[in-house]
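Trainee: Below you will find the structure I want to go over with you.
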Amino acid sequence: MKKILRILLFVFGIYLFLLIMPISSLDKNMGGNYNNTSQHDFINEFFGTIASSANLNRGFPLMPIRDNNPMTSKKEQLGKLLYFDPLLSGDNNMSCAHCHHPDLGFTDNRALSIGHGGSGIGKSRTGGTVLRRSSPTIWNVGYNHKQYWDGRADDLEEQASFPIQDKNEMAQDKNELIKELKNIPEYVQLFNEAFKNDDSSNSLTFENVTYAIAAFERTITANNTRFDKYSRGDHLALSKSERRGLNLFRSLKTRCFECHNFPTFNNPDFKAIGVPQAKNSKPDLGRFEIAGKGYENAFKVPTLRNIALTAPYMHNGIFETLDEVVDFYAGGGGRAHGFKDSQLDDKIRKFDLSQEERKDLVAFMHALTDESNKPAIPNRVPSSLPVVPAIDNESLEIVMQNIEYAEPEMNNIYRVGKKLIVNSGQAIQDGIEMAEDGDTVIVKYGEYFETLMIDKSNITIIGNENNGKLPVLDGRNILPDAGVGTGSNIEINGFVIKNYTANGLMLNRSKAVTFRNIHCENTGLYGLYPVECVGVLVEDCSVTGISDAGIYIGQSKDIIVRRNVTYGNVTGIEIENSVNALVENNEVYNNAGGILVFLLPNNPSKVSLNCKIINNYVYNNNHVNFAEPGSIVSNVPQGTGLMIMAGDSVEVTGNRFHNNQSFGVSVIGLDLFFGKDFVYDVDPIPDACWLYNNDYRNNGYNPAKIVKDSGLDGADLLWDVTGYNNNWDEENVTSIPPILPNKDWSWLIRKTNYRVWRLLFNIFG
């Protein structure tokens, strides 16, 4: 009796220990308040922006401006004079404009800039200290969230202070600079006027020098390119080649838009793309030198506006032309230069381009040129030191190109009221071009070989059924995409889409998107692909033969996916980094993975919240995983029914999970895919997921090799013991671990159970 009592007391002691003691190693993956105020602020801001500008003519974001440095004309004019004044350098021989010249795209057209001690400008500059990186452009620099290639400066004010004082750049002592400025009456007056202070000792400060320069740099904006004119409705502003290039730019074939999205053509993230090191140069780890682990070889995503003016390219100027840049990306980025897949951003993939496609893509980038707001170089500065002269841009990219501008074309598209009739042998695109607000483009049965450019709002494109047959969009394994576009209130209904190399239908940054009664077969990475959209309906479609996700909806909000059939894909349905999704009454079978609900790092949307998986039939998802090696979905185990990875508040009920050889359902954090050392910009832990009243049969009977190699077995349910707020109210199931929490558990039992399994996982791996 005493022995039993001792055992019970021992067990109870362990229980209390696991419950009460603070053990950070056990609690680190517990999760937290996923549904917090900051998360909802992000949702409102991110998706609110999409909803308010769901077309190509998007307003620029608010420019970040310090509260204590408001923009004024006098401050901007003062900043301009300082920008061009060599007085800011220690030897009075170098201004900001020497490295950021307005005639050189606000760069210096050099691979590596030359700082202190140099003479001349542009490619003719010689002597002096060779810097470790190229000079990034100042065009639209005010929209950046970080400055410099490595993001070491938070804003333009901070950035302006660095080169002036850097011994390798302008090599000026800030106190000496202020003395020199105070000896120039004109500057004293200008500072007093700009900063509204009669006392020069208070207005003429080094801080105000940086404030004035920052104010001037925020005025250097480009927003009236031929692309912008096209976006505003002038469909003749772009040549046919440039329009084809725009399609390629947005295509999953190139994935350019995923890092260089409209309207700024950059994003706030830092990406590791594998830029090769220049000969005889020291290793440059980029953002890693500032932010540490997780940012190895990552650099700021630069704007592509005025890109034709700013050759050579990349942080080290390794590429002379845009053709070389395109070839670099087409070759898989750094893969051809010794970088491993794990060292590169997951968006970097190989792709093939014809010579015509390469020409079209480069032509589009040339259409991003706009110097209409270029400031004139001042004739003089208050110091009377020589100002940089005007100079011819020596970039190889600005050699005059033969641009063939589109001319209005006569077509035979027949209009009946608000309906446009496209007959077999005609071009669907002609009907789209003619479509006005509220029109329906009716496509008669036939086969169409084209890529649709759908940059309009409030239109319906519907296939006219003929004896049970739908019109066919056939890319013949030549064209990359069946349709690409941006707009609001767009419905595409009644088509067979097949044999495209990159994607079926992709709508980006759109609002109120409907895909209905569409059959996609063999269309590359994705079948149906609305991304960064608000209000998405995908229903009564079927998708097969896709090497990533048959139906992919990413970075979107207010989603319905229902009554679809997906089979023979790597993954059937994927909801990624999205909010408020309903996935119901779908048949999902013979994919490698059935349904995925993911929150992935390094995407524009940083949240996955409120997804309902209801009444789906998910069975026999045992297809070989044929995804591109290195892609995220290549790690989805063959035989997965439903995988929830880092998604929060996912409700799963009324589904049938049958005969999935690895797992019926898995709920996991990001570490299983990315490793424990990965640095995340999202919450990597699934929380508040609830699985109940589902039917599980014969799952986990033959787990995939990737599962076995990890030391796991198959089961109906898998939980990696991250996020203790998850619940499984299921009956007659096999699970890993064998005891899963449910809604009825008290927080005491829940916390203890969580800690027990975390302890065991830590001990046994």
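The values are calculated or read from the model by the stated rules, or taken from the named source; none is laboratory data. Here the structure is a predicted model, which is why all the values come from computation and not from measurement. Positions of Cβ are generated from backbone atoms using ideal geometry, with glycine treated the same way; all protein chains shown enter the neighbour counts.
Trainee: Do the conditions hold for Gly117, that is, is it under 28 Å from Lys282 (Cβ atoms), over 34 Å from the mean Cα position of the chain (by Cα) and surrounded by fewer than 19 Cβ atoms within 10 Å (Cβ to Cβ)?
Mentor: yes
Yes or no, residue by residue, for (1) at pLDDT 95 or above; (2) in contact with a Cys (Cβ under 9 Å, 6 or more places away or on another chain):
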residue	(1), (2)
Tyr619	yes, no
Val624	yes, no
Asn635	no, no
Gln638	yes, no
Ile644	yes, yes
Phe663	yes, no
Ser666	yes, no
Gly675	no, no
Val679	no, no
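Trainee: Something else: Which one is farthest from Val679 (Cα to Cα), of the residues in segment 331-380 that are in a loop (DSSP other than H, G, I, E, B) and basic (Lys, Arg)?
Mentor: Going through segment 331-380, the residues in a loop (DSSP other than H, G, I, E, B) turn out to be 332, 338-340, 344-349, 351-354, 367-380.
Pick out the ones that are also basic (Lys, Arg) and you get 340, 347, 349, 374, 380.
Details: Lys340: 18, Lys347: 17, Arg349: 21, Lys374: 40, Arg380: 49 Å.
By that ranking, first place goes to Arg380.
Trainee: Of these, Glu532, Glu521, which one is surrounded by fewer than 24 Cβ atoms within 10 Å (Cβ to Cβ) and of a type outside the set (Val, Ile, Thr)?
Mentor: Values: Glu532 fails: surrounded by fewer than 24 Cβ atoms within 10 Å (Cβ to Cβ).
Answer to the check: Glu521.
Trainee: Among the residues of segment 309-324, how many are hydrophobic (A, V, I, L, M, F, W, C) and either over 29 Å from Ile391 (Cβ atoms) or surrounded by fewer than 22 Cβ atoms within 10 Å (Cβ to Cβ) (or both)?
Mentor: Step one: list which residues in segment 309-324 are hydrophobic (A, V, I, L, M, F, W, C), which gives 309, 311, 314, 318-319, 322.
From the residues that got through so far, the ones that are either over 29 Å from Ile391 (Cβ atoms) or surrounded by fewer than 22 Cβ atoms within 10 Å (Cβ to Cβ) (or both) too are 314, 318-319.
So the answer is 3.
Trainee: Quickly run through segment 571-604 and pick out the residues that are at pLDDT 95 or above, assigned to a loop (DSSP other than H, G, I, E, B) and either in contact with a Phe, Trp or Tyr (Cβ under 6 Å, 6 or more places away or on another chain) or under 17 Å from Asp540 (Cα atoms) (or both).
Mentor: Passing the criteria: Asn585, Asn586, Asn590.
Let's see how each residue does on (1) modelled with pLDDT of 95 or more; (2) hydrophobic (A, V, I, L, M, F, W, C); (3) closer than 30 Å to Ile432 by Cα; (4) part of a loop (DSSP other than H, G, I, E, B):
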position	(1), (2), (3), (4)
His145	no, no, no, yes
Pro163	no, no, no, no
Glu169	no, no, no, yes
Gln172	no, no, no, yes
Asn197	no, no, no, yes
Tyr211	yes, no, no, no
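Trainee: Picking from Glu242, Glu289, which residue would you name as being surrounded by fewer than 20 Cβ atoms within 10 Å (Cβ to Cβ), at pLDDT 90 or above and either of a type in the set (Lys, Arg) or outside the structural domain of Tyr500 (by TED's automatic domain parsing) (or both)?
Mentor: On the way: Glu242 fails: surrounded by fewer than 20 Cβ atoms within 10 Å (Cβ to Cβ).
Answer to the check: Glu289.
Trainee: With (1) in contact (Cβ under 8 Å) with a residue 40 or more places away in the chain; (2) among the aliphatic types (A, V, I, L, M); (3) surrounded by fewer than 22 Cβ atoms within 10 Å (Cβ to Cβ) as the list, and Ala215 as the residue in question, which single condition is left unmet?
Mentor: It is condition (3) that Ala215 fails.
Trainee: Moving to a separate point now. Search segment 138-151 for residues that are acidic (Asp, Glu) and pair each with any residue that is assigned to a loop (DSSP other than H, G, I, E, B) when their beta-carbon atoms are under 9 Å apart and the residues are at least 6 apart or on different chains.
Mentor: Asp150/Arg133; Asp150/Asp284; Asp150/Leu285; Asp150/Arg287; Asp150/Tyr295; Asp150/His315
Trainee: Another question, if that's okay. Do the conditions hold for Gly641, that is, is it part of a strand (DSSP E or B) and in contact with a Lys or Arg (Cβ under 9 Å, 6 or more places away or on another chain)?
Mentor: Details: part of a strand (DSSP E or B): yes; in contact with a Lys or Arg (Cβ under 9 Å, 6 or more places away or on another chain): no.
Considered against the rule, which asks whether it is part of a strand (DSSP E or B) and in contact with a Lys or Arg (Cβ under 9 Å, 6 or more places away or on another chain), Gly641 comes out as no.
Trainee: Those residues that are outside any strand (DSSP E or B) and either touching a strand residue (DSSP E or B) at 6+ places or on another chain (Cβ under 6 Å) or aliphatic (A, V, I, L, M) (or both), I need them from segment 296-311; list them, please.
Mentor: Result: Asn297, Val301, Leu304, Ile307, Ala308, Leu309, Thr310, Ala311.
Trainee: With respect to Tyr329, is the statement that it is farther than 21 Å from Asn140 by Cβ, modelled with pLDDT under 90 and either in contact with a Lys or Arg (Cβ under 7 Å, 6 or more places away or on another chain) or hydroxyl-bearing (Ser, Thr, Tyr) (or both) true?
Mentor: No; evaluated as a whole, the condition is false for this residue.
Trainee: Within segment 716-765, work out how many residues are within 13 Å of Pro686 (Cβ to Cβ) and either outside the structural domain of Thr653 (by TED's automatic domain parsing) or of a type in the set (Val, Ile, Thr) (or both).
Mentor: So the answer is 2.
Trainee: Something else: Consider segment 462-505. How many of its residues are among the acidic types (Asp, Glu), under 18 Å from Asn517 (Cβ atoms) and touching a Ser or Thr at 6+ places or on another chain (Cβ under 9 Å)?
Mentor: Total satisfying the criteria: 1.
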